[in-house]
Amino acid sequence: MSSNNDSIQKTIIVALALCLVCSVFVASAAVGLKPIQKANSDLDRKRNILAAAQMLNPGDDVDEVFATVEKRLVNIEAGRFATDEELAEAGVTVASYDQQSAAKDPALSSSLSGDEDPASIKRRAKFATVYLVKDADAKARIIVPVHGYGLWSTMYGFMALEQDYSTVVGFGFYQQGETPGLGGEVDNPNWKAIWEGKEVYDEDGNAVIHLVKGSVDGNNPQAEHQIDGLSGATLTSRGVTNLVQYWLGSEGFGPFLAELRSEGV
């Protein structure tokens, strides 16, 4: 007489075998797809950098256009481009540097707290990747990375500045998890278009650009520094203001951009 195929022991064995097979398939797929995912992530990052700089038109080859962009690392604390000696000592290269990963490494970042951290980033990497777009006279527009906390998520984006290093060319986030229809409107093309032509700094060099409640009054003397707020998303709006003022301010790229202005780069 045949053994009972409905026994608990055989059921458990079949279930375990099925789990093992599925795990192998999932793991294999994850490993096999990782290079494709990395390539797609890099392509999306390039697309967002070019979009912030108003350099990407429909039908353009992203890699081809991005080849005209120069990638550099900035020593944020020193307020200048990082030297080869500094990068060698830190064990990083321009090509492989990942600012998000570096911010988690105590050897490549510093801890922030309280008033030091209005953007709620907790740690700031020592180096930051910036992108230069030079014209025929070797003058460069620059694209800088910015990030900070909104309501639900850390928002990561890029801001492009004209050759005066104060006038906004474009701005946008490539990663955020804010509420769709509210804070998620940071992805709305109409809202992002408002940033073009706005001024980051006042006459004293302070980063004063900020979001207002409601719409900007064009008759307001400060209108050139103001951006329409996100309706129904006060905390996200505040987060955007905080992160932009932090990264373009004295603790972020402010001293570096001031140095570029003085050098006429």
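Any read-out appearing in this document is the output of simple, stated calculations on the displayed coordinates, not a laboratory observation. The structure presented is a predicted model; accordingly, all values stated were derived computationally and were not measured. As a convention, Cβ positions derive from the backbone with ideal geometry for all residues, glycine included, and neighbour counts pool all protein chains shown.
What do the square roots of 5 times the Cα gyration tensor eigenvalues come to for the stretch 98-165, in whole Å, largest first, as semi-axes of the equivalent ellipsoid? All intermediate terms of the calculation are to be shown ahead of the outcome.
Numbers: eigenvalues 146, 41, 21 Å².
Listed largest to smallest, the semi-axes of the stretch 98-165 are 27, 14, 10 Å.
Multiply the residue separation of GLU89 and ALA17 by 0.36 nm, subtract the distance between their alpha-carbon atoms, and state the gained length in nm to one decimal.
Details: separation 72, 0.36 × 72 = 25.92 nm, distance 4.99 nm.
Roughly 20.9 nm would be gained on extension.
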Practice task
List every residue whose amide H lies under 5 Å from the amide H of LYS126, counting only residues 5 or more places away in sequence or on a different chain, with H placed 1.01 Å from N in the peptide plane.
Solution key: SER109, SER110
Handout entry: For ASP60, net neighbour charge (Lys/Arg +1, Asp/Glu -1) across residues whose Cβ lies under 15 Å away
Key = -2
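Where in the stretch 182-265 are there GluC sites (Glu not before Pro) that are in a DSSP coil and have at most 14 other Cβ atoms within 10 angstrom of their Cβ? Mind showing how you got there, number by number?
Working: sites: GLU185, GLU196, GLU199, GLU203, GLU224, GLU251, GLU259, GLU263; in loops: GLU196, GLU203, GLU251.
Here the sparse-neighbourhood loop sites are GLU196, GLU203.
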Handout entry: Eligible lysines near LYS71 by straight Cα distance, threshold 21 Å, same-chain separation 8 or greater
Key = LYS38, LYS46, LYS126, LYS134, LYS139
Fill in the blank from the handout: The Cα extents of the stretch 9-58 along the principal axes, largest first and rounded to whole Å, are 64, 15, 14
Exercise for the section: Quick one: which residues, 5 or more positions from LYS198 or on another chain, have an amide H under 5 Å from its amide H? H modelled 1.01 Å from N in the peptide plane, none for Pro or chain starts. Expected result: VAL168
Exercise for the section: Take each uninterrupted DSSP H stretch in the chain, measure its Cα extent along the helix axis, and return the ones at 30 Å or beyond whose mean Kyte-Doolittle hydropathy is at least 0.5. Expected result: 8-52
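In the chain, what percentage of the DSSP-assigned beta bridges are antiparallel, given to the nearest 5?
Working: 31 of 34 bridges.
For the chain, the DSSP antiparallel bridge percentage is about 90.
Assign unit charges at the C-beta atoms only (+1 for Lys and Arg, -1 for Asp and Glu), then state the dipole size of the stretch 9-58 relative to its Cα centre in Debye, rounded to the nearest 20. Show your work: numbers first, answer last.
On the way: 6 positive and 2 negative charges, 8 e Å.
For this selection, approximately 40 debye.
Beyond 24 Å, what share of the Cα-Cα pairs of the chain remains, rounded to the nearest whole percent?
On the way: 19424 of 34980 pairs.
Cα-Cα pairs in the chain separated by more than 24 Å: 56 percent.
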Practice task
Report, in whole Å, the centroid distance computed from the Cα atoms of the stretch 162-221 and the stretch 98-120.
Solution key: 24
Exercise for the section: Report the label-to-label distance for GLU259 and SER110 in nanometres (one decimal), using points 7 Å from each Cα along the Cα→Cβ vector. Expected result: 1.4
Problem - Packing rank of 148-159, 17-28, where each peptide gets the mean count of other beta carbons within 10 Å, highest leading - result: 148-159, 17-28
Practice task
Mind putting a number on the dipole of the chain about its Cα centre? Charges go on the C-beta only, +1 for Lys and Arg and -1 for Asp and Glu, and I need it in Debye to the nearest 20.
Solution key: 1080
